[in-house]
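Please treat every number below as a calculation from the coordinates, not as lab data. Not measured: the values here are computed from a predicted model. Don't worry about glycine lacking a Cβ; one is built from the backbone with ideal geometry, like all the others, and counts go over all protein chains shown.
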Amino acid sequence: MLCEIVTQDRGLFSGEVDIVLAPGSEGELGILPHHAPLLTTLSLGVLRVRQGGQERAFTIAGGVMEVRPGRVTVLADSGENIDEIDEARAEAARERAQHMLAEGSAVSDRQMREAEAALRRSKLRLDAVRRYRRARRPGAGEGQGGGHEPYSG
């Protein structure tokens, strides 16, 4: 089946896949060929696609997924291929968010919510790199990065 994963600013993936594993708002969804039509919301998490024996993983921060005969379309609020994640940058974002949250009453409610969201995104990115990129290719992650970074936090 054809799978397309897109964000507001770019396409992340387009190709034939055997299965799509997505972080649904009510839990992980597995979509195989001939799945019943479906429209569902997605949550913050890792979306994976398998082609033959290879798997690709993407972090996404919400969105929707539409399943139609022979086609899966993911419209992610934001996302990136885990191979593009700069681990040092994600770690720095996590530290900034933790520092802001530690300030507590010195920041506004809005800033607090933004820091909490940034902390969730940075933790997701770090967990994804450590779990998927390194498990797939020993030594991967060293000297990588520099790709487009849609997340600001």
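Taking a ≥ b ≥ c as the square roots of the eigenvalues of the Cα gyration tensor, an a/c ratio below 1.5 marks the range 2-81 as rounded.
Counting every C-alpha pair in the range 86-136, the share spaced more than 15 angstrom apart comes to 46%.
On a 0 to 90 degree scale, rounded to 10, what angle separates helix 109-128 from the longest Cα axis of the chain? Around 50 degrees separate the two axes.
Using Cα atoms only, what is the angle between the long axis of helix 87-103 and the major principal axis of the chain, expressed in degrees (0 to 90) to the nearest 10? The answer is roughly 50 degrees. Put one equal scatterer on each alpha carbon of the chain, apply the Debye formula with no solvent term, and list log10 I(q)/I(0) at q = 0.09, 0.12 1/Å to two decimals. Values returned for q = 0.09, 0.12 Å⁻¹ are -0.31, -0.53.
When peptides 21-30, 7-16 are sorted by average Cβ neighbour count within 10 Å, with the highest value leading, the order is 21-30, 7-16.
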